[in-house]
Amino acid sequence: MENVDFDIAIIGAGPVGLALACALDKLPGIRPTVALFQADHPVMHQPARDTRVLALNHGSRIFLEQLQGWPGQYAAIETVHVSQKGRLGRTLITHTDFDVAALGYVVPYRAVHASLQQNVNDGHTLRLAGAPATVANEPDSVAASVSQNGKTYRARIVVQCDGAKPDTQLRDYNQHAIITSARAALPRAGWAWERFTREGPLAILPHPVFADAQSIVWCTSPARARALLAADDAVFSRALTDHFGDRLGPFSVLESRHIFPLALSVTKNTVNGRIVTIGNAAQALHPVAGQGLNLGLRDVAGLVRALQPWLIDPVQDPQPALAAFAGSRRADRGITRQLTDLMPRIFTTGNPLIEHACGLSLLALDLTEPLRRPLARHLLQGYRN
């Protein structure tokens, strides 16, 4: 008999890893043995203190509600306003276009993490914490190994969710994202703004914690990002107001700022033997349109769906199920990657002809529903095949 410790080992206890553990635990009539490996060190990321917010679309909310992992704290996005600074043309997308309560939601990272973590703790998943785990396929292809704290475990399948970066960088955007929150003098409840500029996109989202406030994701050059990080609150608030425009009146920053370099990186082969890579470990995207976690949750749903027949008898070879998973996710990953890669680049060329063409495209999207609907539908729920 095979000496295997678990059917599935999950590496990474972020939202994607926790969601996968929840989904496997809730499979009807199937009880796989699952272990969740997480890095546990005082200098590493502490989710309960994370002040970031996440943009989740309508499809992600439905999925998390099925897992009983939807948090009680959120701000609904009912209208999305897309524009280009200094040029004509804009697109307006509303929740009534799709007969849904909201196009998306802004939720605190720590609330999503806590909700999913509680569900995992209440379930049957074994949690193992320690130094970051390392994984490798075994030579006999019967299992993959996971090493942590000097001990090695064997699993029929290992799913790498975080703790590893995608192995191929396709593009350095030469942009940093500034993350913070601010209060506007003239807020609009339920509105989200995507403002394309020559520096990069600027997203203004409703804030789920502070009343009448916005979450800010400002993409700009690395040099300006560092200067804005060092500026005092008054200077930063004026710069944000000048950059966005007067639609919401003057901004007043509420929190400290953080900056993150932006690049496009992907794992071209999401299945390598018995090791599967999903979520941020499989693709690191530009934050425009907030698609990162949404794509990761669709990875989770697709993987569980592909593995469900195999889990009835996990002694059988999982390769057909893993190949089916990789094939089923190829189109969605490709479309989302191309969409989030194109948008931040095409508006930053500085070429007036391209800028005018972009403005006309936004206007055409706004005036022509058949053109607007496919884009909005993808942002709402992702590609479905």
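The values are calculated or read from the model by the stated rules, or taken from the named source; none is laboratory data. What you see is a predicted model, and the numbers here were worked out from it, not measured in a lab. Reconstructed Cβ throughout: ideal geometry from the backbone, glycine too, with neighbour counts over all protein chains shown. Each accessible area value is taken on the protein alone, full model and side chains, heavy atoms only, with ligands, DNA and RNA left out. Shrake-Rupley method; radii C 1.70, N 1.55, O 1.52, S 1.80 Å.
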Calculated FRET efficiency for the pair R198/Q338, C-beta based, R₀ 25 Å, to 0.05: 0.70
Given 0.36 nm per residue, what is the gain on full extension from H124 to D313 after removing their alpha carbon distance, in nm? 66.2 nm
Considering only the range 1-122, percent of DSSP beta bridges that pair antiparallel, nearest 5: 75 percent
Once the piece of chain linking R247 and D232 is laid out straight, how much longer is it, given 0.36 nm per residue of separation minus the C-alpha distance between them? 3.1 nm
Could you compute how much accessible surface K26 exposes when probed at 1.4 Å, giving the result in Å² to the nearest 10? 80 Å²
Anchor K26: aspartates and glutamates whose Cα lies under 12 Å away (excluding residues fewer than 8 positions away in-chain): D122
Just the number, please: percent antiparallel of the DSSP beta bridges in the chain, rounded to the nearest 5. 70 percent
Convert each backbone phi in the range 259-273 into a coupling constant with the Karplus relation 6.51 cos²θ - 1.76 cosθ + 1.60 (shift: θ = phi - 60°), then list the ³J(HN,Hα) values in order as whole Hz, x for Gly and Pro. 10, 9, x, 10, 8, 9, 9, 9, 9, 5, 10, 6, 10, 10, x
For every other residue with a beta carbon closer than 12 angstrom to the beta carbon of L293, add +1 if it is Lys or Arg and -1 if Asp or Glu, then tell me the sum. +1
Straight-line reach only, C-alpha to C-alpha below 21 angstrom: list the lysines that K165 could link to, leaving out same-chain residues fewer than 8 apart. K268
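Below 13 angstrom from the Cβ of T270, what's the summed charge of the other residues (Lys, Arg +1; Asp, Glu -1)?
+4
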Mean Kyte-Doolittle of at least 0.0 and a Cα length of 24 Å or more along the axis: which whole DSSP H helices of the chain meet both? 292-311
Do you know the relative contact order of the chain, to the nearest whole percent, from alpha carbon pairs under 8 angstrom that are 6+ apart? 21 percent
Placing +1 on the Cβ of each Lys and Arg and -1 on the Cβ of each Asp and Glu in the chain, which of I179, N149, A133 has its Cα farthest towards the positive end of the resulting dipole? I179
Translational diffusion coefficient of the chain at 25 °C, 0.890 mPa s, Stokes-Einstein with Kirkwood Rh over Cα pairs, in µm²/s as a whole number. 112 µm²/s
Which sequence of W218, W191 reflects their accessible areas, 1.4 Å probe, from the largest down? W191, W218
When the solvent-accessible surface of protein heavy atoms is calculated with a 1.4 angstrom probe, in what order do E2, E194 fall, highest first? E2, E194
In nm, give the distance between the simple-model label positions of Q66 and N3, each being 7 Å from the Cα along the Cα-to-Cβ direction. 3.9 nm
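For an R0 of 41 angstrom, estimate the FRET efficiency from the Cβ-Cβ distance between Q46 and F98 and round to the nearest 0.05.
Working: r = 37 Å, r/R0 = 0.91.
Here the calculated transfer efficiency is 0.65.
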Answer in debye to the nearest 20: the dipole magnitude of the chain about its Cα centre, from +1 Lys/Arg and -1 Asp/Glu charges placed on Cβ, is 620 debye
